[in-house]
Protein chains: 2
Amino acid sequence: MPGLREKDARRSQPLRGMRIVEISSYVAAPLSGMTLAQLGADVIRVEPLDGAADRTRRPLADSGTSLYWSGLNKGKRAIEVDLSSERGRRLVGDLIVAGGRRGGIVISNSERYADLTFETLRARRPDLIHVLLTGRRDGGTAVDYTVQAATGFPLLTGPENSTQPVNHLMPAWDVAAGLYLSVGLLAAERHRLLTGEGQQVRVALEDVALATAGNLGYLAEAQLGSTPRQRGGNYVYGSFGRDVTTADGERMMIVALTAGHWRDLLGATGLTDVVSALASALGADFAEESQRYRHRKVLGELLAGWFETHTLAEAETVLRATRVLWSTYRSFTDLAADGARLLRENPLMAEVRQPGVGRYWAPGSPVVMDGEQSPPAASPLVGQHTDEVLGTELGLCATDLAMLGETGVIGSHDEERDAA
Amino acid sequence: MPGLREKDARRSQPLRGMRIVEISSYVAAPLSGMTLAQLGADVIRVEPLDGAADRTRRPLADSGTSLYWSGLNKGKRAIEVDLSSERGRRLVGDLIVAGGRRGGIVISNSERYADLTFETLRARRPDLIHVLLTGRRDGGTAVDYTVQAATGFPLLTGPENSTQPVNHLMPAWDVAAGLYLSVGLLAAERHRLLTGEGQQVRVALEDVALATAGNLGYLAEAQLGSTPRQRGGNYVYGSFGRDVTTADGERMMIVALTAGHWRDLLGATGLTDVVSALASALGADFAEESQRYRHRKVLGELLAGWFETHTLAEAETVLRATRVLWSTYRSFTDLAADGARLLRENPLMAEVRQPGVGRYWAPGSPVVMDGEQSPPAASPLVGQHTDEVLGTELGLCATDLAMLGETGVIGSHDEERDAA
């Protein structure tokens with residue numbers, strides 16, 4: 001397969017030679033594109049004139065530049081096209097079907113443009129790979145917040161005594177859906193490499209949540225179990241773990257999954273004899289996970305009592321000598337404190353210079369290939385690569401580009417905005 | 001590439017012809033293997049004698065069979081080997097490096113066996129693809145609960161007036177890490193198809209959480225922002241959305257991301273004039289997302305007041321005629337109610353017959369390929385495929401298998417257990 005072999009590919013860039021057009025917004029589809037860009041794919045994000053709806057999404061830098069957008073589009077190229085015009089959509093369609101063996105791959109979260117649907121584009125390029133995120137499987141809309149509500153988790157999340165739904169802040173379904181899109185795309189591209197056939201890949205946000213609820217046993221339990229699962233607060237379900245507060249007011253999460261963890265935890269906190277006496281009195285064997293779970297509250301209170309009389313430093317010292325799973329609770333402010341010391345210590349993070357934002361520590365790819373990972377790159381400006389992409393990929397000359405710019409079909413990088 | 005072309009592959013099975021050995025437990029690595037199995041890969045889970053630690057993890061069926069394990073290992077084959085014996089580990093190593101172009105791929109969450117590490121196995125097969133999940137990048141241990149604590153989200157999750165950390169119940173980092181493992185594996189296998197070179201793929205659970213916190217802008221905001229982000233309860237950050245309670249006590253999540261959603265929401269609830277008067281009085285323009293976010297509480301209370309005086313049925317009727325994003329809050333019990341009606345209506349779900357559990361509705365793959373998805377399959381029993389796999393893949397004959405069984409190196413499917 002000439003042109004696809006990349007003998008000189010850096011180890012962290014196994015997807016070099018793959019070109020993806022992304023017409024997207026918000027979290028899932030952009031994360032899918034960025035994940036593949038971080039593994040070496042050339043990902044071209046198509047923006048409508050002046051940028052998509054999520055271009056200004058919070059949180060914002062003082063300049064008004066979106067830190068959210070900047071985070072989800074690192075290392076992509078961006079072109080600015082009037083998607084409300086037929087000529088603009090034609091250009092984007094041309095770009096999707098171009099690129100030979102490298103191209104013919106599109107990621108989108110929208111079916112609003114009839115000339116950019118799977119069916120229309122496949123008629124132009126039979127081996128097209130079209131990756132589409134929808135809210136519901138039938139194409140209906142949904143977002144992480146509504147999918148959360150629909151699929152059970154918020155009614156079991158949060159304090160034990162709560163009667164309110166507690167949404168998870170982390171947009172877990174968006175993130176998982178974005179990664180499922182990437183898995184589907186890579187599976188389809190493998191199939192195309194081996195057979196020459198294209199495919200459509202569809203993932204619905206709601207299906208991702210239902211599949212996860214099923215995969216983890218929640219749906220089976222509700223179908224088969226006689227007693228509905230209750231809220232468990234920060235207790236670990238089915239094993240032993242809970243949060244505790246130290247004498248100096250710090251919060252920690254302590255988890256003992258195995259009999260070894262449990263022995264270590266009792267030894268470290270000097271609770272071995274007390275817990276042994278309790279086990280005898282209760283007729284329980286705390287070497288068994290199910291027994292630790294059943295008696296988690298009394299065991300938890302004994303443990304919490306130890307932490308209440310020891311400082312974080314004392315607790316850390318004794319826990320470091322054990323196999324117990326534990327961590328202090330850190331805020332995002334803690335992670336950024338002291339010149340982002342904690343972030344700088346992790347090789348995942350590197351400093352990027354983002355126009356409109358300045359310098360900050362951002363994550364590269366969490367996927368490490370042969371010990372190498374892609375460092376983070378800045379995200380593009382609106383229209384930063386319009387001329388470059390349309391020139392190189394579609395062979396448009398300077399005259400063509402100027403005319404398209406003058407008639408408002410495309411937008412280009414604004415030098416003044418970059419300088420600002 | 002003869003042997004790899006699968007002209008007759010069903011559309012939903014693009015990974016047919018890929019064989020993966022999985023030595024794993026808990027969520028992330030098993031989910032990675034299952035995700036690829038659902039796309040057609042032959043995934044062989046290696047169990048120690050009597051099964052891994054997670055074989056009995058809650059929730060459980062009445063028979064004691066783990067619904068959790070059954071959910072995360074659907075459609076795999078399982079072999080039972082004494083991993084504490086050198087002969088057993090040698091067999092597993094043989095299996096990993098066997099399989100020609102199909103094989104040489106392993107997913108694991110453990111480096112405890114020196115003869116099954118990347119370095120040892122690569123010495124036996126240079127084009128090995130070795131996919132490893134760790135807790136921390138340095139190989140240190142961590143689980144979803146401790147990673148949550150370490151990476152900021154629990155201190156912003158939960159009720160606005162809470163001062164406690166609120167862990168998310170959904171093991172979001174496990175799920176995301178499992179999907180990143182699959183993305184890395186597919187990227188590495190593509191590279192091997194094109195160049196013949198193998199690779200090691202490593203993903204740390206903590207890196208996945210930090211990367212996500214960075215990608216979504218939380219880390220940048222904490223580094224650059226002067227005001228730390230506050231808990232927002234179930235209000236949507238940066239836009240307009242919140243939970244409400246209906247006159248009949250049902251809970252709903254209502255989200256208006258765009259100006260169109262917002263107009264529709266006001267129209268549906270008859271609040272257009274009131275909100276217009278409020279906008280004038282406040283000098284605000286609620287067509288702007290940032291203004292809706294700034295005044296979310298007063299707008300939220302007006303909206304909540306409407307829902308408090310209308311039943312769920314009334315609210316659903318008016319919202320169905322709009323573009324507003326909304327959902328009722330459902331419990332897992334709700335999803336399973338009425339013979340799992342809601343699950344049966346979704347083509348994602350199908351009925352499986354799981355030995356030790358019975359029949360229930362389980363999810364297939366949320367990745368739909370050309371309109372096809374893999375239906376869910378039952379998960380294997382401990383040792384169900386030991387003889388089949390070692391016979392076919394390693395060419396062991398009945399005499400070899402009997403001797404290995406008698407000397408306790410391998411275990412095989414127990415007919416009595418199956419019948420029970």
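Each value in this text was obtained by applying a stated rule to the coordinates, not by laboratory testing. Everything numeric in this text was worked out from a predicted model, so none of it was measured. Quick reminder, even Gly has a Cβ in these numbers, built from the backbone with ideal geometry, and neighbours come from all protein chains shown.
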Extension gain residue B:320-residue B:273, at 0.36 nm per residue separation less the Cα-Cα distance, in nm?
-> 14.8 nm
Can you count the Lys pairs in the protein assembly as shown whose Cα atoms are under 30 Å apart, with each pair 8 or more apart or on different chains?
-> 5
Antiparallel DSSP bridges in chain A: what percent, to the nearest 5?
-> 50
How far apart, in nm, are two points set 7 Å out from the Cα along the Cα-to-Cβ line at residue A:98 and at residue B:94?
-> 5.5
Here the relative contact order (percent) of chain A, from C-alpha pairs under 8 Å and at least 6 apart, is 19
From the backbone phi of segment B:174-188, what are the Karplus-calculated ³J(HN,Hα) couplings (6.51 cos²θ - 1.76 cosθ + 1.60, θ = phi - 60°) in whole Hz, Gly and Pro given as x?
-> 4, 5, 5, 4, x, 6, 4, 4, 5, 4, x, 4, 5, 5, 5
Inter-copy separations for residue A:63, label at 7 Å along Cα-Cβ, nm, ascending | 6.3
Chain B: C-alpha gyration tensor shape, a/c 1.5 cut-off, then a/b vs b/c = prolate
Tail fraction, Cα-Cα pairs, segment A:30-96, threshold 14 Å, whole percent | 62
Name the long-range amide H neighbours of residue B:200: under 5 Å, sequence gap of 5 or more, or other chain; modelled H, no Pro or chain starts.
-> A:370, B:130
Within 10 Å of each Cβ of A:173-180, how many other protein chain Cβ atoms are there on average?
-> 6
State, to one decimal in nm and shortest first, how far the label point of residue A:111 sits from each corresponding label point in the other identical copies (label point: 7 angstrom along Cα-to-Cβ).
-> 4.6
Where a ≥ b ≥ c are root eigenvalues of the Cα gyration tensor, a/c under 1.5 meaning rounded, otherwise prolate if a/b exceeds b/c and oblate otherwise, segment A:287-326 counts as oblate
For all pairs of alpha-carbon atoms in the protein assembly as shown, what percent lies in each bin of width 20 Å, listed from the first bin to the last filled one?
-> 15, 49, 31, 4, 0
For residue B:18, list long-range residues whose amide hydrogen, built 1.01 Å from N in the peptide plane, is under 5 Å from its own amide hydrogen.
-> B:42
Could you tell me whether segment A:1-132 comes out rounded, prolate or oblate from its Cα gyration tensor? Rule is a ≥ b ≥ c as square roots of the eigenvalues, rounded for a/c under 1.5, then prolate if a/b exceeds b/c, otherwise oblate.
-> oblate
What's the center-to-center distance, using Cα atoms, between segment A:175-214 and segment B:361-378 in Å?
-> 11
Could you work out the mean count of beta carbons from other protein chains within 10 Å of each residue's beta carbon in B:222-231?
-> 6
Among the GluC sites (Glu not before Pro) in segment A:288-359, which ones are in a DSSP loop with at most 12 other Cβ atoms within 10 Å of the Cβ? Mind listing them?
-> A:345
Other-copy label distances relative to residue B:282, 7 angstrom Cα-Cβ extension, nm | 5.1
Mind giving me the nanometre distance, one decimal, between the label points for residue B:119 and residue B:63, set 7 Å out from Cα along Cα→Cβ?
-> 4.4
Each residue of segment A:227-244 in turn: what ³J(HN,Hα) in whole Hz from Karplus with 6.51, -1.76, 1.60 and θ = phi - 60°, glycine and Pro shown as x?
-> 9, x, 4, 9, 4, x, x, 8, 5, 6, 6, x, 8, 10, x, 6, 8, 9
note: segment A:240-331, Cα-Cα separations exceeding 20 Å make up a percent value of 28
Just tell me the longest site-free run in chain A, where the sites are trypsin sites (Lys or Arg not before Pro) in a DSSP loop having at most 10 other beta-carbon atoms within 10 Å.
-> A:113-420
Pairwise centroid distance, computed over Cα atoms, of segment B:255-278 with segment A:301-358, Å = 43
For the pair residue B:400 and residue A:287, the simple spin-label estimate (label points 7 Å beyond Cα toward Cβ) gives in nm 3.8
Across segment A:260-270, in residue order, what do the Karplus-derived ³J(HN,Hα) couplings come to in whole Hz, using 6.51 cos²θ - 1.76 cosθ + 1.60 with θ = phi - 60° and x for Gly and Pro?
-> x, 4, 5, 4, 4, 5, 5, x, 5, 9, x
Amide H neighbours of residue B:80 at under 5 Å, excluding residues fewer than 5 places away on the same chain, with H built from the backbone geometry, are B:47, B:383, B:386, B:411
